[in-house]
1. So if we plug the beta-carbon distance of residue 42 and residue 309 into 1/(1 + (r/R0)^6) with R0 = 35 Å, what FRET efficiency do we get, rounded to 0.05?
2. What's the magnitude of the charge dipole for the chain around its Cα centre, counting Lys and Arg as +1 and Asp and Glu as -1 at the beta-carbon? Answer in Debye, nearest 20.
3. Out of (1) 30; (2) 25; (3) 47, which label holds the value of percent of Cα pairs over 37 Å apart that was computed here?
4. Hey, what did region 161-249 get for relative contact order, percent, Cα under 8 Å, at least 6 apart?
5. So how strong a dipole does region 175-244 carry about its Cα centre when Lys and Arg Cβ are +1 and Asp and Glu Cβ are -1, to the nearest 20 debye?
6. Sequence neighbours fewer than 8 away in the same chain don't count; with that in mind, list the lysines whose C-alpha is under 29 Å from residue 370.
7. Among 380, 133, 153, flag the residue with its Cα farthest along the positive direction of the charge dipole of the chain, charges on Cβ as +1 for Lys/Arg and -1 for Asp/Glu.
8. Just to confirm, what accessible area per residue do you get for the chain at 1.4 Å probe, in whole Å²?
Amino acid sequence: MSRLARLVLVVVPAAVAHVLDALSFSAPFEDVSAGGDRVVGRSWRASGSAAVHANFVRLTPDRQSKRGALWATAAAGVDEVSATLKFRISGQGKKYYGDGLALWLTDARAHRAGDFHGSAETFRGVGVVFDTFKNAETLSLHKDVAVVVNDGTRDAEALLADASGCAGDVRYHEARADFSVASASRARVVVGRRADGDALEAVVSLDARNVGAFVECARVALPAALDAAWLRRAHLGVTASTGQLADNHDVLALDVSSDAAEHAAADADGARAAPFFAPGEGITADRFARIEAQLDALVARLEHLQHHLEHEMVAVDDHVRVTLEKLARQEDSSEGRIDALERKVVSNVEDSLSQRIASLEQAMRDAVQKRISTVENRYMSRLGDVVSEKVDGAGRGWTLPFVFLVVVDVVAFALARAWYLKFRKTHLL
């Protein structure tokens, strides 16, 4: 339906009877939670790296090792679910990018984070995985769009080995001249009873370039464990993750209905209700349509400009934040290196001083010892000569001079030792 008609026309109740408003959302996202965070709706919770902006929800930025999720707190509560997801996977990488985005319908009442595109691999339900990274190790199992079904007992490898799916170019390179915020993809998932019985099946259709034409991608029969009771208590969720490679994973809208046929018809018509003009309004339907078309074009251009501006500002904000984080890490690293350098310089100076002091002490000790030895040798030699002369010349009359010389020698030694201690104190301390 056109934007002006949404504003001025009465919507026919029967036409929207099957729309699950609590589970559906689209931009602009103007609701705010009690905590002050923007939300897509009262029945949805964002977690991880997911950030709700006015015109889109960014599950992961174009950064490594990110996980984000949107998860419905309300169960489907119906016997048939038809959900159309509008999303955009884009990034700066031309050759290397990843990892992917997934739409879930499981019995988990809250998001369970994991390595399987941002969610736990042991789920009970159906997942539609949009995988943009072709891993060389599992290239034979790769599908651009894969439908995985789990009863809670199988791991990711087993799921991908048995997955149905199709090829689909759902990734946009933001450096291309033809990229804009209007670039998007759509996928429709219908889970309901099979035509030949009560068992459920999941049918996935893809509009890879959002041109308005869905192509069936896969049709999968669900196991008995996933029955009507499971569907009524199932919850919708959208998750995305990045690893060593990265992309922006944005969610633009989710339209959920309990009637697949009506949902498809409404999507084909581009509206859920037709305008109604009562006679006597003073304006013809044709004239109103022309006016409405012009106003629609103006509003569309304004919305596109707002979306584009927000998309660019989010990219700038993310770039500035990452740059500041890098600068903070570099600052911490620099401070650590400066501290280490300071400790090393202090340690080297202390070691050098200790070695120099030890060297000086040893040199002074050697010099003093040498001088003492010289003095001792000189005096002892002279003392020996004097003693010999006295002994030879006076017999026993040498005793007193000998004692005198010994006393002189002791005094000389004491003086030399005192000089050494004084020299050591004045030169080494």
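1. 0.80
2. My answer is approximately 2440 debye.
3. (3)
4. Numbers: 103 pairs, mean separation 20.0, N = 89.
Here the relative contact order equals 23 percent.
5. With only Lys, Arg, Asp and Glu charged at Cβ, the dipole is about 160 debye.
6. 422, 425
7. 380
8. Per residue, the chain has 58 Å² of solvent-accessible surface.
The values are calculated or read from the model by the stated rules, or taken from the named source; none is laboratory data. As the structure is a computational prediction, the values presented were derived from the model and not from experiment. Every residue, glycine among them, receives a Cβ derived from its backbone with ideal geometry; neighbour counts consider all protein chains shown. Side chains are part of the model used for accessible areas, which takes the heavy atoms of the whole protein and leaves out ligands, DNA and RNA. Shrake-Rupley method; radii C 1.70, N 1.55, O 1.52, S 1.80 Å.
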